[in-house]
Structure formats: structure tokens, C-alpha cells
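S.K.: If you scroll down you'll find the structure; I have some questions about it.
Laboratory data are not the source of any read-out in this text; all were calculated from the coordinates shown. Since the model is a prediction, treat every value here as computed from it, not as a measurement. Glycine gets a Cβ as well: all are built from the backbone with ideal geometry, and neighbour counts include every protein chain shown.
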């Protein structure tokens, strides 16, 4: 296993949504809980690689 797949396995075992984004607010990683929360419960599609506008919408 490489480091990325080990990290993914560890983060997927955490039962809380975890989203990593870079300095430009581009979403780079979502664990299984975050994917379920944002894709299934909230109805968002294909967030990885896109600018994080979810929190901006929540603040408005």
C-alpha cells in the first residue's frame, strides 16, 4: 500500500465528515462520511477538484 491509500483508509474509518482543501479553497479530499453527507444527504455532485462554495452559501 502506498501512503495515500493508507491515509484514505484511516480517514475513512472516522465517522465524521472530513474535507481537505488547498490554499485556493479547492476541495482535494473527502472521506466516506463527507461524501455521504454532501452527495447523498445534501445532493451536491462532484465536489472534489472544485472550489469550496458550500460554506460561503451557508454563511449568506
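S.K.: Place the peptides 15-21, 32-38, 3-9 in order of packing, highest mean first, counting for every residue the other Cβ atoms within 10 Å and averaging per peptide.
M.R.: On the way: 15-21: 13.6, 32-38: 16.6, 3-9: 10.7.
Put in order of decreasing packing, that is 32-38, 15-21, 3-9.
S.K.: When semi-axes √(5λ) of the Cα gyration tensor in Å is calculated directly from the model, which label among (1) 54, 16, 8; (2) 20, 11, 8; (3) 21, 14, 9 fits?
M.R.: It is the one labelled (3).
S.K.: If you line up the long axis of helix 3-12 against the longest principal axis of the chain, both from Cα atoms, how many degrees apart are they, to the nearest 10?
M.R.: 60
S.K.: What is the extension gain from residue 50 to residue 20, computed as 0.36 nm multiplied by their sequence separation minus the C-alpha to C-alpha distance, in nm to one decimal?
M.R.: Values: separation 30, 0.36 × 30 = 10.80 nm, distance 1.17 nm.
That works out to 9.6 nm of additional length.
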